[in-house]
Amino acid sequence: MRKPQLAFLLSTLLATGAWAEPNPLRNAYFGETHMHTAFSLDAYIGGARLMPADAYGFAKGNAVTLPDGTVMQHKRPLDFAAMSDHAEYIGEMYSTMFDDAPGHDNPDLEELRTMTDIDDRQQWFFKYVISSNRSATPQHPPFYAGPQTAKSAWQLIIEAAEDANEPGEFSAIIGFEWSAAPNGANLHRNVLFRDDNVPDSVPSYIDINQEEKLWEWMREQEIEGRHLLAIPHNSNASKGRMFPDIDSFGDPLDVEYARLRQHFEPLIEMMQVKGNSEVHRKFWAADEFAAFENADSIQKNSGRVFSQRDFVRGGLTRGIAYEMDLGVNPFRYGFIGGTDNHNGLMSAVAEDAFIGAHGPEDGSVERRRTGDVLGWIDGKDLSIGSLAGVWAIENTRAAIFDAMKRRETFATSGPRIKVRMFGGVDLSPASDPLAMAQEGYLMGTHMGGMLPPIVTAPVFTVYAEKDPLGANLDRIQIIKGWVDEYGDTNEKIIDVVWSDDRVVDAATGKLASVGNTVDVTTALYTNDIGAASLIGSWQDDDFNPQEGAYYYARAIEIPTPRWSTYDAVRNGLPLLEDVAATIQERAWGSPIWYSPAN
């Protein structure tokens with residue numbers, strides 16, 4: 001479209017009021033996609049007693065009281081939230097918590113309700129849950145009272161979402177977690193529904209043992225008129241199986257596998273309390289920001305040893321290689337955030353207010369500094385989790401879901417940073433975010449989308465805006481990954497736009513550091529450096545139309561105190577020596593893809 005035509009169309013839309021709500025330029029909404037209440041056995045045994053209605057209330061800004069008397073309340077309500085209690089054992093938890101439920105008087109459940117000692121809880125949990133669920137053939141425990149208890153629990157979860165949903169104000173999304181962990185490899189998926197057209201019951205890892213069979217179940221739901229998607233998480237704990245060479249049955253990946261996975265899994269969780277899954281410093285040494293919440297102690301449990309294929313960027317690049325062979329990319333993922341909080345607290349992602357995420361296992365300063373979360377991670381390696389962001393036309397279940405489905409999403413490490421990017425061959429240099437969005441939607445491709453067939457170098461326009469209550473921004477980067485004509489994988493990181501009067505070193509090609517205002521003795525920082533917003537453009541002059549590629553934006557904040565520094569300062573303790581005292585929070589925008597076969 002020529003520029004005069006663009007200007008005429010924009011003026012017509014504005015003059016006719018066609019841009020009234022819903023907003024075709026889309027709004028940024030923040031929320032939660034991964035959180036557990038007392039209906040999750042691992043949360044309950046850790047002391048969680050908040051129910052789904054409580055969790056949704058917390059998301060909407062209401063105060064909630066934890067079992068130890070702590071009162072928690074968001075400074076700002078969320079825009080949307082999904083419940084993701086483990087489908088495994090929701091029936092057992094229904095029996096545990098409701099006096100008139102079948103099996104309520106079972107001695108094992110009576111023990112579960114009355115245990116207070118953390119060692120006793122851990123032994124009980126290992127006996128009935130970990131030993132089974134991390135096997136290839138998980139089973140219900142002996143106190144399971146039958147499928148009707150699971151159906152009853154699921155109906156209560158649905159009712160809580162229905163009661164909390166307020167179109168235009170707050171979207172309460174119905175969902176569950178399918179928690180596959182064969183031989184300790186984390187292959188968990190959160191399954192979310194577009195609306196209240198949901199089945200009477202949902203499958204657990206006990207019912208369906210392979211992700212391929214989960215997708216088949218999802219296809220059956222689609223045939224019956226339902227809309228749903230799955231979000232895998234914790235690829236960093238997948239033991240190399242999140243982005244595999246073979247399927248669950250030991251066969252090489254084929255076209256059907258790639259099509260099913262791409263269709264039902266448009267998003268992947270970038271980060272949560274058990275660490276950041278984007279990259280790891282060991283495998284991406286050239287990425288100066290790779291040493292961020294690497295959660296190394298995950299490797300102490302279940303025989304986990306990190307490899308490059310455990311991380312999202314590695315998976316994205318492998319996906320392009322598979323597309324060359326299969327014609328379909330099985331790992332064409334957009335990015336989303338979530339916390340995996342097991343206290344019933346939706347998006348409790350404030351570094352200065354972190355109280356752990358697993359009840360008493362990380363609920364005290366001492367446990368966070370010297371203890372661990374059973375079978376998972378050392379307390380000091382925990383992060384606060386991440387926040388989900390979507391660009392949607394309005395705040396309704398359907399609009400939020402549709403943004404997820406088209407991958408127009410982003411994730412942040414906690415702050416409410418807004419980030420967006422467009423790609424195309426005719427985009428103008430970006431200088432105004434509104435004009436950038438207008439032109440991007442009319443003439444380009446949004447985050448999560450696929451570039452059309454092109455023969456000239458694409459231009460990418462990027463914009464990021466700081467959290468109004470948070471730190472300034474350091475820079476926006478674009479990460480490009482591609483597979484060349486020889487089948488070799490490649491990537492590069494481009495500093496597109498940055499704050500302050502810094503320059504790129506001619507010898508090293510590196511941008512000078514933004515600086516650091518953090519006083520670690522007081523856990524305070526200032527916004528004397530950085531920028532409130534950044535906008536810029538980059539053209540890929542090395543573009544080869546015969547090579548598949550992805551491009552994603554990463555916005556970086558200036559340094560701020562880590563939660564462990566706040567803990568130390570508040571309690572008069574020394575800083576931990578083996579974790580960072582300061583971090584640079586960030587936001588990741590979903591990739592824009594290019595395929596020569598498109």
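The values are calculated or read from the model by the stated rules, or taken from the named source; none is laboratory data. Since the structure is predicted, the reported quantities are computational estimates derived from the model, not experimental observations. No Cβ is skipped: glycine too gets one built from the backbone with ideal geometry, and neighbour counts run over all protein chains shown. Areas reflect the complete protein model, heavy atoms only, side chains present, ligands, DNA and RNA absent. Shrake-Rupley method; radii C 1.70, N 1.55, O 1.52, S 1.80 Å.
Tabulated results
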| item | result |
| --- | --- |
| Scope the range 215-236; condition within 15 Å of P266 (Cα to Cα) and touching a Pro at 6+ places or on another chain (Cβ under 8 Å); matching residues | L229 |
| Residue check, T560 touching a Phe, Trp or Tyr at 6+ places or on another chain (Cβ under 7 Å), open to solvent by less than 50 Å² (accessible area, probe 1.4 Å) and polar (S, T, N, Q) | yes |
| The lone exception for T489 - which of (1) hydroxyl-bearing (S, T, Y); (2) surrounded by fewer than 23 Cβ atoms within 10 Å (Cβ to Cβ); (3) at pLDDT 95 or above it fails | (3) |
| Cβ pairs under 8 Å, 6+ apart, first in the range 78-98 and within 14 Å of F143 (Cβ to Cβ) and of a type in the set (V, I, T), second open to solvent by 10 Å² or more (accessible area, probe 1.4 Å) and assigned to a loop (DSSP other than H, G, I, E, B) | T96/H104 |
| Residue within the range 411-427 that is at pLDDT 95 or above, charged (D, E, K, R), open to solvent by less than 10 Å² (accessible area, probe 1.4 Å) and touching an Asp or Glu at 6+ places or on another chain (Cβ under 9 Å) present | no |
| Members of the range 558-598 found to be in contact with a Leu (Cβ under 9 Å, 6 or more places away or on another chain), in a loop (DSSP other than H, G, I, E, B) and under 19 Å from I476 (Cα atoms), listed by number | I558, S590, P591 |
| Scan of the range 67-85 for residues that are open to solvent by 20 Å² or more (accessible area, probe 1.4 Å) and either out of contact with any strand residue (DSSP E or B) (no Cβ under 6 Å at 6 or more places or on another chain) or within 18 Å of T339 (Cβ to Cβ) (or both), ordered by number | P67, D68, G69, T70, M72, Q73, H74, K75, R76, P77, D79 |
| Unique residue being surrounded by 20 or more Cβ atoms within 10 Å (Cβ to Cβ) and in a loop (DSSP other than H, G, I, E, B) when the list is A507, A471, A555 | A471 |
| All positions within the range 260-319 that are part of a loop (DSSP other than H, G, I, E, B), of a type in the set (G, A, S) and surrounded by 23 or more Cβ atoms within 10 Å (Cβ to Cβ) | S277, A295 |
| Test result for A55, surrounded by 24 or more Cβ atoms within 10 Å (Cβ to Cβ), outside any loop (DSSP other than H, G, I, E, B), touching a helix residue (DSSP H, G or I) at 6+ places or on another chain (Cβ under 6 Å) and of a type in the set (A, V, I, L, M, F, W, C) | no |
| Failed condition for D567, given (1) within 28 Å of the chain's Cα centre (by Cα); (2) open to solvent by 50 Å² or more (accessible area, probe 1.4 Å) | (2) |
| Residue check for P102: open to solvent by 50 Å² or more (accessible area, probe 1.4 Å), under 30 Å from T412 (Cα atoms) and of a type outside the set (A, V, I, L, M) | no |
| When residues of the range 132-152 are limited to those that are open to solvent by 50 Å² or more (accessible area, probe 1.4 Å) and modelled with pLDDT of 95 or more, the one nearest to T96 (Cα to Cα) | Y144 |
| Failed item, numbered, when A512 is tested on (1) within 27 Å of M447 (Cα to Cα); (2) at pLDDT 95 or above; (3) surrounded by fewer than 15 Cβ atoms within 10 Å (Cβ to Cβ) | (1) |
| Tally of residues being farther than 21 Å from A38 by Cβ, open to solvent by 20 Å² or more (accessible area, probe 1.4 Å) and in a loop (DSSP other than H, G, I, E, B) across the range 166-205 | 8 |
| Selected residue (only one of Q122, Q155 is exposed (fewer than 15 other Cβ atoms within 10 Å of the Cβ) and either on the phi < 0 side of the Ramachandran plot or hydrophobic (A, V, I, L, M, F, W, C) (or both)) | Q155 |
| In the range 424-455, the residues that are among the small types (G, A, S), under 29 Å from E265 (Cβ atoms) and over 27 Å from the mean Cα position of the chain (by Cα) | none |
| Exclusive hit being surrounded by 12 or more Cβ atoms within 10 Å (Cβ to Cβ), out of contact with any Pro (no Cβ under 6 Å at 6 or more places or on another chain) and part of a loop (DSSP other than H, G, I, E, B), set T522, T517 | T517 |
| Failed item, numbered, when V129 is tested on (1) part of a helix (DSSP H, G or I); (2) modelled with pLDDT of 90 or more | (2) |
| Filter result for G338 (free of Cβ contacts under 8 Å to residues at least 60 places away in the same chain, open to solvent by less than 10 Å² (accessible area, probe 1.4 Å) and part of a loop (DSSP other than H, G, I, E, B)) | no |
| Number of positions in the range 527-552 that are open to solvent by less than 10 Å² (accessible area, probe 1.4 Å) and not in a strand (DSSP E or B) | 2 |
| Residue list for the range 322-335, restricted to those being open to solvent by 30 Å² or more (accessible area, probe 1.4 Å) and over 20 Å from the mean Cα position of the chain (by Cα) | Y322, E323, M324, D325, L326, G327 |
| Residue pairs meeting the criteria (Cβ under 7 Å; at least 6 apart or on separate chains; first surrounded by fewer than 19 Cβ atoms within 10 Å (Cβ to Cβ), in the range 23-49; second among the charged types (D, E, K, R) and not in a loop (DSSP other than H, G, I, E, B)) | A28/K418 |
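Results for (1) farther than 24 Å from G91 by Cβ; (2) among the hydrophobic types (A, V, I, L, M, F, W, C); (3) assigned to a loop (DSSP other than H, G, I, E, B), shown as yes or no for each residue.
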| position | (1), (2), (3) |
| --- | --- |
| A150 | no, yes, no |
| A161 | no, yes, no |
| D207 | no, no, yes |
| E212 | yes, no, no |
| E220 | no, no, no |
| M242 | yes, yes, yes |
